[in-house]
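Written out below as structure tokens is the structure these notes cover.
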There are 2 protein chains.
Amino acid sequence: MTRAYNFSAGPAALPEAVLRQAQAELLEWNGVRASVMEVSHRGAAFEALAAEAERDLRKLLAVSDDYAVLFLQGGATQQFALLPMNLAAPGQAADHVVTGHWSAKAVAEAGSYVDARVAADAGIYTRIPDRPQWRLSADAAYVHICQNETIHGVEFQDAPRDLPAPLVSDFSSTLLSRPIDVSRYGLIYAGAQKNIGPAGLVVMIVRRDLLERAGQPRANILSYAQQAAQHSMLNTPATFSIYLARLVFAWLLEQGGLAAIGERNARKAGALYAAIDGSGGFYRNPVDPAVRSWMNVPFVIHDDALHARFLAEADAAGLMALKGHKAVGGLRASIYNAMPEAGVEALIGFMRDFQARNG
Amino acid sequence: MTRAYNFSAGPAALPEAVLRQAQAELLEWNGVRASVMEVSHRGAAFEALAAEAERDLRKLLAVSDDYAVLFLQGGATQQFALLPMNLAAPGQAADHVVTGHWSAKAVAEAGSYVDARVAADAGIYTRIPDRPQWRLSADAAYVHICQNETIHGVEFQDAPRDLPAPLVSDFSSTLLSRPIDVSRYGLIYAGAQKNIGPAGLVVMIVRRDLLERAGQPRANILSYAQQAAQHSMLNTPATFSIYLARLVFAWLLEQGGLAAIGERNARKAGALYAAIDGSGGFYRNPVDPAVRSWMNVPFVIHDDALHARFLAEADAAGLMALKGHKAVGGLRASIYNAMPEAGVEALIGFMRDFQARNG
């Protein structure tokens with residue numbers, strides 16, 4: 001048994017070096033004579049770890065002191081509900097740009113707390129509506145986008161400009177995949193289980209002035225401002241997940257930070273899309289090339305009957321979890337930071353071979 | 001370096017056998033050629049694991065089909081907010097019995113969603129108010145208690161009787177420590193980081209008829225009914241935590257189930273309280289003996305100046321995390337399922353020796 005090249009969309013592959021370190025110290029961590037899972041979040045050892053995690057994340061993304069960094073729980077989906085609760089007055093408008101499954105879900109969940117408006121909807125999720133076509137409200141509390149649609153493979157390549165309200169972006173499947181300009185966002189949030197760590201952890205970067213909004217009646221535990229005031233320890237955080245995220249952040253710094261990672265990811269995505277586009281129609285990715293995701297590459301084979309064979313043979317060749325999401329079918333290669341270039345090359349080689357045998 | 005006897009109140013010690021298994025298969029789990037952290041929660045392997053976790057928990061606690069079992073996130077504190085949101089109409093009353101820090105916090109968090117009434121308050125948290133003194137509302141949605149107060153060491157030894165509304169109990173630090181009659185509760189919930197697994201996971205056992213209550217306007221992700229309908233996979237659950245919980249459940253079954261564990265825990269607690277009570281006043285636990293916790297034993301030394309020396313010497317002797325919570329000071333020994341009887345005996349031996357040297 002060996003580890004496969006794992007193309008899972010999430011929970012996704014973690015860097016092997018990170019897993020090996022976690023394995024080595026799983027029973028005795030950092031001289032505390034216990035697992036990192038078994039110590040108080042309020043003890044000196046864990047508090048130092050949490051501070052290091054925040055420090056390294058700030059370093060990776062060049063986050064200024066104008067922003068708070070939070071480590072929360074409940075997944076990005078929970079934030080679909082907590083964002084309006086925290087950032088908007090009851091009945092206030094919040095604008096949403098819909099470019100796929102997740103940004104559509106954000107509208108639905110927000111609707112219990114806010115006038116959740118759709119400023120633009122791509123309709124068929126293969127493109128991003130042009131910025132001038134967005135119908136933005138004058139009175140919206142914020143504008144919500146999903147930076148990268150994990151299922152549809154549509155990614156904002158940059159932050160949209162000229163918005164009348166703070167930009168809130170779901171970065172779940174793309175945070176830490178390349179450098180970004182945090183200052184162009186009001187709030188960035190991401191479920192960890194793609195590029196950061198185990199499922200259950202949410203990383204949030206929020207401009208401090210937004211924490212001063214009254215928001216809506218809510219319990220303290222659902223308040224971002226309270227979490228920021230308590231350094232994400234209003235209650236026991238997901239300590240093991242924060243530990244693993246910290247190892248991932250350190251690994252990213254060792255790799256050269258996000259500039260180096262971004263170049264590598266651009267090469268990986270570029271090679272895979274080139275292989276698809278160069279297959280003479282055998283493979284096809286329907287997304288507008290200008291907004292193709294660097295992280296999630298959905299594609300189909302011209303003959304739907306070949307998908308099952310592709311999946312079975314790829315799996316046997318050590319290329320796992322390539323099945324497309326049921327909403328779109330076909331195939332999907334998620335090529336997060338932990339996927340080495342050799343894994344993408346192996347996939348491309350397999351695709352060529354499969355085409356030669358079935359073309 | 002070796003593992004210490006870990007008396008942390010939480011995140012707390014896990015069974016060493018569980019950690020060793022997790023360590024062995026951290027990179028390659030169950031033939032999937034990846035870590036359990038790295039596979040989809042909707043894949044066959046993880047779905048089987050989640051089903052086994054639920055099956056074993058039902059077996060341990062003899063949970064009938066009248067109850068749903070949920071694996072949630074956000075800690076027990078988040079449930080302080082979600083319970084009223086799910087179980088009560090806006091403005092409806094919910095009765096609370098306050099016996100310590102956590103049941104008091106539950107009242108405060110519920111207040112945003114419900115008329116959170118205090119039916120009884122122990123005032124000084126060393127006892128449980130007698131049932132006839134509780135001022136229960138005729139129209140309450142539910143009656144909330146904290147089964148075991150982790151900080152104050154006060155534990156309901158059984159479910160209170162003759163309640164006009166369903167009983168909701170925070171079992172965070174006592175679930176799985178002894179057999180209970182689930183049928184006497186409407187809803188049981190527990191943060192995992194005491195007796196179940198890593199921080200971040202919440203186990204909930206809820207009578208299905210309570211899921212049919214309309215509750216209050218809320219996003220789907222905050223709805224227990226929606227989580228039950230989706231088998232706790234409305235979004236990505238805390239997969240690694242569920243994996244570890246499943247290992248803990250299997251370990252408990254191997255130990256002989258909750259009857260055997262309960263006997264062991266009764267012996268551990270009995271021996272420790274006897275040592276405190278038999279110290280001639282050198283050590284003191286202030287709790288009414290009828291409601292002393294089996295899991296968390298707070299105690300003080302007659303001379304406050306000795307606490308720091310006790311902690312330093314105990315730590316050097318391999319007995320860690322005995323500091324009391326800052327709300328009560330002094331010392332606390334948390335003796336959850338993973339603490340072997342030998343650990344309690346070692347603590348008692350150290351206490352006697354310390355007294356002999358400082359008495």
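The residues listed here are A:Leu252, A:Leu258; of these, the one that is touching a Lys or Arg at 6+ places or on another chain (Cβ under 7 Å) and closer than 19 Å to A:Ala62 by Cβ is A:Leu258. A:Ser103 meets each of the listed conditions (1) closer than 20 Å to A:Arg55 by Cα; (2) of a type in the set (Ser, Thr, Tyr); (3) not in a strand (DSSP E or B) apart from (1). Each residue in region A:240-251 was checked for being of a type in the set (Ser, Thr, Tyr) and surrounded by fewer than 23 Cβ atoms within 10 Å (Cβ to Cβ), and 0 pass. Of all residues in region A:86-96, those being surrounded by 21 or more Cβ atoms within 10 Å (Cβ to Cβ) and either at the interface with chain B (Cβ under 9 Å from one of its Cβ atoms) or part of a loop (DSSP other than H, G, I, E, B) (or both) number 1. Could you list, in sequence order, all residues of region B:35-55 that are of a type outside the set (Asp, Glu) and either within 7 Å of chain A (Cβ to nearest Cβ) or assigned to a loop (DSSP other than H, G, I, E, B) (or both)? The answer is B:Ser35, B:Met37, B:Val39, B:Ser40, B:His41, B:Arg42, B:Gly43. Among the residues of region A:257-277, are any assigned to a loop (DSSP other than H, G, I, E, B) and surrounded by fewer than 19 Cβ atoms within 10 Å (Cβ to Cβ)? Checked against the condition, which is being assigned to a loop (DSSP other than H, G, I, E, B) and surrounded by fewer than 19 Cβ atoms within 10 Å (Cβ to Cβ), region A:257-277 yields no hits at all.
All conditions in (1) at pLDDT below 95; (2) closer than 23 Å to B:Ala245 by Cα hold for B:Val202, with the sole exception of (1).
For region B:301-359, taking the residues that are over 25 Å from B:Asn195 (Cα atoms) and of a type in the set (Lys, Arg), the one that is surrounded by the fewest Cβ atoms within 10 Å (Cβ to Cβ) is identified as B:Arg357. Entry remark, region A:102-116: residues being open to solvent by less than 60 Å² (accessible area, probe 1.4 Å), within 14 Å of another protein chain (Cβ to nearest Cβ) and touching a residue at least 60 places away in the same chain (Cβ under 8 Å) number 2 in total. You will find that of A:Ala62, A:Ala68, the residue that is open to solvent by 10 Å² or more (accessible area, probe 1.4 Å), touching a residue at least 40 places away in the same chain (Cβ under 8 Å) and of a type in the set (Gly, Ala, Ser) is A:Ala62 and no other. Residue pairs whose Cβ atoms lie under 8 Å apart, separated by 6 or more positions or on different chains, with the first residue in region B:290-311 and among the small types (Gly, Ala, Ser) and the second surrounded by 20 or more Cβ atoms within 10 Å (Cβ to Cβ) and assigned to a helix (DSSP H, G or I), are B:Ser293/B:Ala269.
Filtering region A:228-242 to residues that are part of a helix (DSSP H, G or I), touching a strand residue (DSSP E or B) at 6+ places or on another chain (Cβ under 6 Å) and away from chain B (no Cβ under 11 Å) leaves only A:Ala228. Just one of (1) within 25 Å of A:Ile180 (Cα to Cα); (2) out of contact with any strand residue (DSSP E or B) (no Cβ under 9 Å at 6 or more places or on another chain); (3) open to solvent by 10 Å² or more (accessible area, probe 1.4 Å) fails for A:Arg218. It is (1). Of the residues making up region B:152-172, those that are crowded, with 21+ Cβ neighbours inside 10 Å, under 14 Å from B:Thr99 (Cα atoms) and of a type outside the set (Phe, Trp, Tyr) number 6. Residues in region A:1-29 that are among the β-branched types (Val, Ile, Thr) and either at the interface with chain B (Cβ under 7 Å from one of its Cβ atoms) or open to solvent by 30 Å² or more (accessible area, probe 1.4 Å) (or both): A:Thr2 only. Flag: B:Ala81 does not match the condition of being over 30 Å from B:Glu341 (Cα atoms), open to solvent by 20 Å² or more (accessible area, probe 1.4 Å) and part of a helix (DSSP H, G or I). The one condition from (1) within 14 Å of chain B (Cβ to nearest Cβ); (2) open to solvent by less than 10 Å² (accessible area, probe 1.4 Å); (3) over 18 Å from A:His231 (Cβ atoms) that A:Ala119 does not meet is (1). Of the set (1) farther than 30 Å from A:Ala45 by Cα; (2) free of Cβ contacts under 8 Å to residues at least 12 places away in the same chain; (3) open to solvent by 50 Å² or more (accessible area, probe 1.4 Å), all apply to A:Glu254 but (1).
Scan region A:222-231 for residues that are surrounded by 24 or more Cβ atoms within 10 Å (Cβ to Cβ) and among the hydrophobic types (A, V, I, L, M, F, W, C) and the total you get is 1. For A:Ala138, the conditions (1) surrounded by fewer than 18 Cβ atoms within 10 Å (Cβ to Cβ); (2) without any contact (Cβ under 8 Å) to a residue 24 or more places away in the chain are fulfilled apart from (2). Of the residues making up region B:320-359, those that are among the hydrophobic types (A, V, I, L, M, F, W, C) and part of a strand (DSSP E or B) are B:Met320, B:Leu331, B:Ala333. Tell me which of these B:Val32 doesn't satisfy, since it passes every other one: (1) touching a helix residue (DSSP H, G or I) at 6+ places or on another chain (Cβ under 6 Å); (2) at the interface with chain A (Cβ under 7 Å from one of its Cβ atoms). With (1) touching a helix residue (DSSP H, G or I) at 6+ places or on another chain (Cβ under 6 Å); (2) at the interface with chain A (Cβ under 7 Å from one of its Cβ atoms) applied to B:Val32, the lone miss is (2). Test A:Leu234 against the stated conditions and say whether it is buried (at least 24 other Cβ atoms within 10 Å of the Cβ), touching a helix residue (DSSP H, G or I) at 6+ places or on another chain (Cβ under 9 Å), modelled with pLDDT of 95 or more and hydrophobic (A, V, I, L, M, F, W, C). So A:Leu234 fails the test. Output the number of residues of region A:45-59 satisfying the condition of being surrounded by 17 or more Cβ atoms within 10 Å (Cβ to Cβ) and aliphatic (A, V, I, L, M). So the count comes out to 4.
Consider region B:192-227 and keep the residues that are of a type in the set (Val, Ile, Thr) and not in a loop (DSSP other than H, G, I, E, B). The one that is farthest from the other protein chains (Cβ to nearest Cβ) is B:Ile205.
The values are calculated or read from the model by the stated rules, or taken from the named source; none is laboratory data. A quick note: this is a predicted structure, and the numbers were derived from the prediction, not measured. Positions of Cβ are generated from backbone atoms using ideal geometry, with glycine treated the same way; all protein chains shown enter the neighbour counts. Heavy atoms of the whole protein, side chains included, go into the accessibility calculation; ligands, DNA and RNA do not. Shrake-Rupley method; radii C 1.70, N 1.55, O 1.52, S 1.80 Å.
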